[in-house]
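K.L.:
Just passing along the structure, written as structure tokens.
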Amino acid sequence: MTSSPLATSGPEPEQASLLSCHATGFCKEVLAPTVRSLEDRVGDLGACHVDLPGHGASTPWEGPLGWHEAAEAVVALLAPDQAGLLGVGHSYGGAVLARAEILRPGSFQHLLLIEPIILPPPYAPQDIPLAVGAARRRPSFDSREAAKHRFGVGPFANWREDVLDAYVDFGFVDDGDRWVLRCKPDVEAETFRQGSNVDTWDRVGEIDCPVTIVAGSESGTHHDPYLSLLADRFLDVEVVVLDGLGHLAPMEDPEAVGAVLADAIVRRGSVPTID
């Protein structure tokens, strides 16, 4: 069994063929529809979904919230001789998976990174607007229905309904009186702050496996020149831009994102064989 404190769903991590990691502030269940879309096209991939530090069921979290430490926790999920996984990561989760491959080369045979946040130096925590906004986030609602209504007409209004339901059901917990965020506002804020405090940008050239970067044409983060500059740092990379989608593409259209990921692993011959 794993010694990592991270919560997972699906097969045990040491028995998985695919590992998925979500974006900041969310939970493992919101990326599951994208992975299911991928599996609908290529078959069962033995997908294990991970809640990153301080998120989802990986709460409460006692350790640091640095992205290097998150990658160390992901590596700790794996069996000592485990290799050749598929990695599907979104935003923070994509950066964590790239860092995990740097820390433990050969863990992944193909990294599928959806809008990964991998930032150039200087390396230091930064109070970016997302961190400031997260610190002010409303931590609880009167009911599940109230939480869903708030997000359904607010910042996540373009999400597919089943993904929004997954976030409301698994990103919150019913404490008997309130529907409470599992990822606390200060944890989300600190996770955002730490995104610029890790030198993955300087080290992605150490990654030998194929990398597919998926971006949305309407992304507020992954457009040129940043997208091209990031891609150029990898040894073996392809970039796919999906029309009409933003940074939260897996939540907006998991079918489209899953189709792109399926095409990528088929073309690269990285579909694992599940016993």
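K.L.:
Tally Lys and Arg at +1 and Asp and Glu at -1 over the other residues with C-beta under 14 Å from the C-beta of Asp175: what net charge comes out?
P.N.:
So the environment of Asp175 carries a net charge of +1.
K.L.:
Here is a further query. Can you tell me which of Asp202, Asp81, Asp44 moves the most in a GNM of the chain? Springs connect C-alpha atoms under 10 Å apart.
P.N.:
Looking only at Asp202, Asp81, Asp44, the biggest GNM fluctuation is shown by Asp81.
K.L.:
Quick one: if you stick a label point 7 Å off each Cα along the C-beta vector at Val132 and Glu255, how many nm between them?
P.N.:
The modelled label-to-label distance comes out at 4.0 nm.
K.L.:
Over region 157-226, consider all pairs of different Cα atoms and compute the Kirkwood hydrodynamic radius from their mean reciprocal separation; express it in Å, one decimal.
P.N.:
That comes to 16.1 Å for region 157-226.
K.L.:
Rounded to the nearest angstrom and ordered from largest down, what semi-axes does the equivalent ellipsoid of region 125-203 get from its C-alpha gyration tensor (root of 5λ)?
P.N.:
27, 15, 11
K.L.:
If we sort 136-149, 100-113, 6-19 on the protection proxy, mean other Cβ atoms within 10 Å, highest first, what's the order?
P.N.:
Order by mean packing, descending: 100-113, 6-19, 136-149.
K.L.:
Report the gain in length on full extension from Arg160 to Val240: 0.36 nm times residue separation, minus Cα-Cα distance, nm rounded to one decimal.
P.N.:
The Arg160-Val240 span can extend by a further 26.7 nm.
K.L.:
Which one of Ala95, Ala76, Thr191 is farthest out on the positive end of the charge dipole of the chain, using unit charges on Cβ (Lys, Arg +1; Asp, Glu -1) and the Cα centre as origin?
P.N.:
Going by the charge dipole, the pick is Thr191.
K.L.:
Further question on the same structure: Using a 7 Å offset from the Cα along the Cα-to-Cβ direction at both Asp232 and Ser143, what is the distance between the two label points in nm, to one decimal?
P.N.:
In this crude label model, Asp232 to Ser143 measures out at 5.5 nm.
K.L.:
Gaussian network model of the chain, Cα springs within a sub-10 Å range: biggest mean-square fluctuation belongs to which of Pro185, Pro129, Pro210?
P.N.:
Result for the chain, Cα springs under 10 Å: Pro129 fluctuates most.
K.L.:
Rounded to the nearest 5, what % of the DSSP beta bridges within region 170-275 are antiparallel ones?
P.N.:
35
K.L.:
Along the charge dipole of the chain, pointing to its positive end and built from +1/-1 on Cβ of Lys, Arg, Asp and Glu, which listed residue (Cys21, Phe172, Leu235) has its Cα farthest out?
P.N.:
Phe172
K.L.:
Which ³J(HN,Hα) values, rounded to whole Hz and listed in residue order, are derived for region 209-224 from phi using the Karplus coefficients 6.51, -1.76 and 1.60 in 6.51 cos²θ - 1.76 cosθ + 1.60 with θ = phi - 60°, glycine and proline given as x?
P.N.:
6, x, 10, 10, 9, 10, 10, x, 5, 9, 4, x, 10, 9, 10, 6
K.L.:
May I pose another question? What's the magnitude of the charge dipole for region 86-158 around its Cα centre, counting Lys and Arg as +1 and Asp and Glu as -1 at the beta-carbon? Answer in Debye, nearest 20.
P.N.:
So the magnitude is around 220 debye.
K.L.:
Please give the calculated 222 nm ellipticity per residue for the chain, where each DSSP H segment of at least 4 residues contributes -39500 (n - 2.57) and the sum is spread over every residue; nearest 500 deg cm²/dmol?
P.N.:
Estimated from H runs of four or more residues: -9500 deg cm²/dmol.
K.L.:
Additional query: Determine the distance separating the Cα centre of region 130-205 from the Cα centre of region 1-79; give it in Å without decimals.
P.N.:
When both Cα centres are located, 17 Å separates them.
K.L.:
Among the DSSP beta bridges whose two residues both lie in region 107-224, what percent are antiparallel, rounded to the nearest 5?
P.N.:
55
K.L.:
I need the calculated FRET efficiency for the pair Asp174 and Arg150, taking r as the beta carbon distance and R₀ as 25 Å, to the nearest 0.05.
P.N.:
Given R0 = 25 Å and the Cβ-Cβ separation, E is 0.95.
K.L.:
Applying 1/(1 + (r/R0)^6) with R0 = 45 Å to the Cβ-Cβ distance of Asp40 and Asp186, what FRET efficiency is obtained, to the nearest 0.05?
P.N.:
0.75
K.L.:
Given Cβ point charges of +1 (Lys, Arg) and -1 (Asp, Glu) and nothing else, what value in debye, to the nearest 20, does the dipole of the chain about its Cα centre take?
P.N.:
440
K.L.:
Separate question: Among the DSSP beta bridges whose two residues both lie in the chain, what percent are antiparallel, rounded to the nearest 5?
P.N.:
The answer is about 25 percent antiparallel.
K.L.:
So for the pair Arg267, Ala79, with labels modelled 7 Å out along Cα→Cβ, what separation do we get in nm?
P.N.:
Label at Arg267, label at Ala79, 3.2 nm between them.
K.L.:
Rounded if a/c is under 1.5, else prolate if a/b is larger than b/c, else oblate: which is region 202-275, with a ≥ b ≥ c the root eigenvalues of its Cα gyration tensor?
P.N.:
Oblate shape, in that a/c is at least 1.5 and b/c is the bigger or equal ratio.
Bear in mind these aren't lab numbers, they're just calculated from the coordinates by the rules spelled out. Just so we're clear, the structure is a prediction, and the values are computed from it rather than from any experiment. Every residue, glycine among them, receives a Cβ derived from its backbone with ideal geometry; neighbour counts consider all protein chains shown.
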